[in-house]
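Chemist: I have a structure here, written as structure tokens, and I will follow up with some questions on it.
The values are calculated or read from the model by the stated rules, or taken from the named source; none is laboratory data. On a predicted model such as this, the values are computed, not experimentally measured, just so you know. When we count neighbours, we look across all protein chains shown, and the Cβ atoms used for this are built from the backbone with ideal geometry, even at glycine.
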């Protein structure tokens, strides 16, 4: 059985997860064709070669080239349901967004369909979630496992102000998931990354016994002195 393991010792975000899948063997042009099935425009997606601590990595770059409106859960579910994506990808992506909206609704004390997605519902997050779900499906990965998550420390500025790390929605999504703070004074686990592992992972544990066939390495755009911004995805049997 093909499985994958996420090394989240340096955090987790949606763009780093997707970049690692691409680095492990997915084709960027295939991703673009899949994303085109969403019938959403005004963006471009590219994969850049980068480095983290002297190690070769890939970095996903999403550029939004026209204004985007705030979306609610029904808007996003409609985009997904009307797309030409595979039924299994549609179902799982919609479930992830529902979980994300449910966490936000609980944090803000509102109904799930009233959640304004702000930065987490921006176009790049739609790309990250749909891209990751499609990538796992495309690679034939049956089970996903994950290490305990390094969330960083300090504070993070979000749409509603400055909050301690992990941010409220991230903390809600990481319930029942082992995570820890480190000396890095920065948010290392984002809401998008948190909801992906909360919904997709079959377990959170040290590296499972597996014969590794491919490794995807990615990094984000932020640089922190003394911190190697490296995310790893191991695929095997």
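Chemist: Among the residues of segment 138-150, is there at least one that is buried (at least 16 other Cβ atoms within 10 Å of the Cβ), at pLDDT 95 or above and under 22 Å from residue 39 (Cβ atoms)?
Modeler: yes
Chemist: Something else about it: Going by the conditions given, is residue 197 in a helix (DSSP H, G or I) and out of contact with any helix residue (DSSP H, G or I) (no Cβ under 7 Å at 6 or more places or on another chain)?
Modeler: Yes: the conditions hold for residue 197.
Chemist: Out of 60, 38, I need the residue that is surrounded by 22 or more Cβ atoms within 10 Å (Cβ to Cβ) and either at pLDDT 95 or above or touching a helix residue (DSSP H, G or I) at 6+ places or on another chain (Cβ under 7 Å) (or both). Which one?
Modeler: Only one candidate qualifies: 60.
Chemist: Here's a follow-up. Restricting to strands (runs of 3 or more DSSP E) lying wholly in segment 112-174: which have 3 or more residues that are within 30 Å of residue 213 (Cβ to Cβ), under 17 Å from the mean Cα position of the chain (by Cα) and touching a residue at least 12 places away in the same chain (Cβ under 8 Å)?
Modeler: Strands (runs of 3 or more DSSP E) meeting the threshold: 143-146, 149-152.
Chemist: Next question, about the same structure. Among the residues of segment 205-217, write down those that are modelled with pLDDT under 95 and either in a strand (DSSP E or B) or surrounded by fewer than 12 Cβ atoms within 10 Å (Cβ to Cβ) (or both).
Modeler: 206, 207, 209
Chemist: Quick one: which residue in 124, 128 is buried (at least 17 other Cβ atoms within 10 Å of the Cβ) and more than 17 Å from residue 25 (Cα to Cα)?
Modeler: On inspection, the qualifying residue turns out to be 124.
Chemist: Which of the residues spanning segment 157-173 are crowded, with 17+ Cβ neighbours inside 10 Å and touching a strand residue (DSSP E or B) at 6+ places or on another chain (Cβ under 7 Å)?
Modeler: Across segment 157-173, the qualifying residues are 165, 166, 167, 170.
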